[in-house]
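The structure appears right after this line, and notes come after that.
The values are calculated or read from the model by the stated rules, or taken from the named source; none is laboratory data. What you are looking at is a predicted structure, and each value in this text was computed from that prediction instead of being measured. All Cβ positions, even for glycine, are placed from backbone atoms using ideal geometry, and neighbour counts span all protein chains on display. We work out accessible area using only protein heavy atoms, side chains counted, and drop any ligands, DNA or RNA first. Shrake-Rupley method; radii C 1.70, N 1.55, O 1.52, S 1.80 Å.
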Amino acid sequence: MAGMNILATGSCLPERTVTNEELSHSLDTSDEWIRSRTGIAARHIAEGQTTAGIAAQAARCALKKAPAGFDVSEIGLIVCATITPDDHTPGCACQVQKELGLDGSVLAFDVNGACSGFVMALQIALSMLEDGQTALVIGAERLSSILDWSDRSTCVLFGDGAGALLVQKDSRRCVNAYARTLPDKADLLRAPASGAIAMKGSGVFRFAVKAFSEIYEHCVETEGPLKNRPDAVICHQANLRIMEKACRSHGLGMDCCFVCLDHTGNTAGASIPIALDEAISSGFLQRGMDTLLTAFGSGLSMAGLYFRY
């Protein structure tokens, strides 16, 4: 796949923070139990905020960090990854388009790929752009709206948030991409049209580790000119033990794997762009670093991108 240049990143985490300690007051759980099994200490909950609202905030954050002279009118495409839109239609991307004051010359649509959704949206955007054109790719979720807050096996895992990337198609840069779905595994993780998220934790864990290996082998070891060991790994922020086992299976130390799920929890389609924004803002990810994005989601799906930042 022809490459990309990330012009800017942004994110939005709602003000309301729910700690493990707070959850332990209403659930048969504890801070130690949640931390030891997931690595999560807290998550953000959108109260009085919409998915489109936090998506637009993340987009504005990215626009504030865009290169000097960049104008919002240069955006020709908006793709938003979400499984928790505010409306069936118009889509979240369309609502962000309106919030940013962009006219009808911009194409905007949503992608439902759950936790793999953002990486899929990024792949779709790159495939649609001409060289030099710019897209706004967003991941935004309000997962608190589809949780059963009495189910400790799921509600302790998830949080709300949004992340956004301004990306420009650049044929001089290489991107190795991979994505596929395994429909026979769909029962492992499901959110019905009317109901809460349900998950078979041990099955998802095994699938996630396998998905990381499949993405790594395809993107890093077999495809394209980028065959260097990654300098940075940005995993879907689902579970610290998944990341540790996945990296260890390929001889990667956790020093190259960025972690922010301790304060975000699993934000599904928003996970990767939030992590990217925090990795760049903190200096963890710097220009010239070979970077692997890897995600898995319901479906069950997997998606990865390997690129030089």
Listed residues 149, 33 arranged by accessible area, highest first, probe 1.4 Å: 149, 33
Per-residue [θ]222 nm for the chain (sum of -39500 (n - 2.57) over DSSP H runs n ≥ 4, rounded to 500): -8500 deg cm²/dmol
Potential extension, residue 262-residue 128 segment - 0.36 nm per residue separation minus Cα distance: 44.8 nm
Counting all C-alpha pairs of segment 1-56, share separated by more than 19 Å (%): 52
Candidates 299, 203, 161: whichever shows maximal mean-square fluctuation once the chain is modelled as a Gaussian network with Cα springs under 10 Å: 203
Surface accessible to a 1.4 Å probe, residue 199 within the full protein complex, Å²: 50
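Leaving out ligands and nucleic acids, note down the accessible area per residue over segment 171-302 with a 1.4 angstrom probe, in whole Å².
It amounts to 41 Å² per residue over segment 171-302.
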Calculated from backbone phi, Karplus (6.51, -1.76, 1.60) coupling profile of segment 85-92 in Hz, x at Gly/Pro: x, 6, 9, 4, 7, x, x, 4
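Count the net charge of all other residues whose Cβ sits under 11 Å from the Cβ of residue 93, scoring Lys and Arg as +1 and Asp and Glu as -1. Mind dumping the intermediate values first?
Numbers: positive: 98; negative: 99, 110.
After counting each charged neighbour, the total is -1.
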Centre separation in Å (Cα based) which lies between segment 181-237 and segment 268-309: 13
Accessible area of residue 44 in the full protein assembly, 1.4 Å probe (Å², nearest 10): 30
3J(HN,Hα) from dihedral phi, segment 200-208, Karplus parametrisation 6.51/-1.76/1.60, rounded to Hz, x for glycine, proline: 9, x, 5, x, 5, 4, 5, 5, 4
Solvent-accessible surface (1.4 angstrom probe) belonging to residue 187, in square angstrom, nearest 10: 80
Protein accessible area in the chain, 1.4 Å probe - carbon and sulfur %: 48
Burial order of peptide ranges 136-146, 5-15 (average beta-carbon count within 10 Å, highest first): 136-146, 5-15
Dimensionless Rg ratio for the chain, taking C-alpha atoms and the 2.2 N^0.38 Å reference: 0.93
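Please tell me the relative contact order of segment 1-110 in percent, rounded to the nearest whole number, where contacts are Cα pairs under 8 Å and at least six residues apart. Don't skip to the answer; put the middle values down first.
Details: 132 pairs, mean separation 30.2, N = 110.
Once divided by the residue count of segment 1-110, the mean separation gives 27 percent.
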